[in-house]
Amino acid sequence: SGLCCAVLMPLVGAFVDHSPKRWEALVATAALLIAANALQISLGPRTWFAAGLIQATVGAGSYMAHQACLFAYIPEMVADPSEVPSVTGVLKAWESLAIILYLVIVGAGVGPLFTREG
């Protein structure tokens, strides 16, 4: 995944910085990320290697490309460039909170599946 990202990121960065089609790139990378994660549904004894390979290359590359597209919008969200660090900090805090909340909800839902009564 590191090699994939190392090759892909300069291209994505240049596209996002110099193209008027930033929104289309954002949507395309989100679709690739969703598709790579959706492949996990087909995970099985015969498909685990291919699914892992796709997740490690397409999944990681599309995630990093999507982040680059998202971060390209941050300077447009503030009037003063000195506000960018505080905005990114707040957004990262919300992202972390959403991840923790997701883990708590999933953990609470999965826990009863592994307990036996009677």
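The values are calculated or read from the model by the stated rules, or taken from the named source; none is laboratory data. A quick note: this is a predicted structure, and the numbers were derived from the prediction, not measured. As a convention, Cβ positions derive from the backbone with ideal geometry for all residues, glycine included, and neighbour counts pool all protein chains shown. Ligands, DNA and RNA are excluded from the accessible area calculation, which covers all protein heavy atoms including side chains. Shrake-Rupley method; radii C 1.70, N 1.55, O 1.52, S 1.80 Å.
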Expressed in nanometres to one decimal, the distance between label points 7 Å along Cα→Cβ at Lys21 and Ile34 is 1.9 nm
Give the shape of the chain as rounded, prolate or oblate, defined through the alpha-carbon gyration tensor: a ≥ b ≥ c are the square roots of its eigenvalues, a/c under 1.5 means rounded, and otherwise the shape is prolate if a/b is larger than b/c and oblate if not. oblate
In Å², rounded to a whole number, the accessible area per residue of the chain with probe 1.4 Å is 73 Å²
For the pair Leu103 and Phe71, what calculated FRET efficiency results from E = 1/(1 + (r/R0)^6), where r is the Cβ-Cβ distance and R0 = 25 Å, to the nearest 0.05? 0.55
Please arrange Glu76, Glu24 by accessible surface area, largest first, computed with a 1.4 Å probe and ligands excluded. Glu76, Glu24
If each K or R counts +1 and each D or E counts -1, the residues other than Ala28 whose Cβ falls under 15 Å of its Cβ total +1
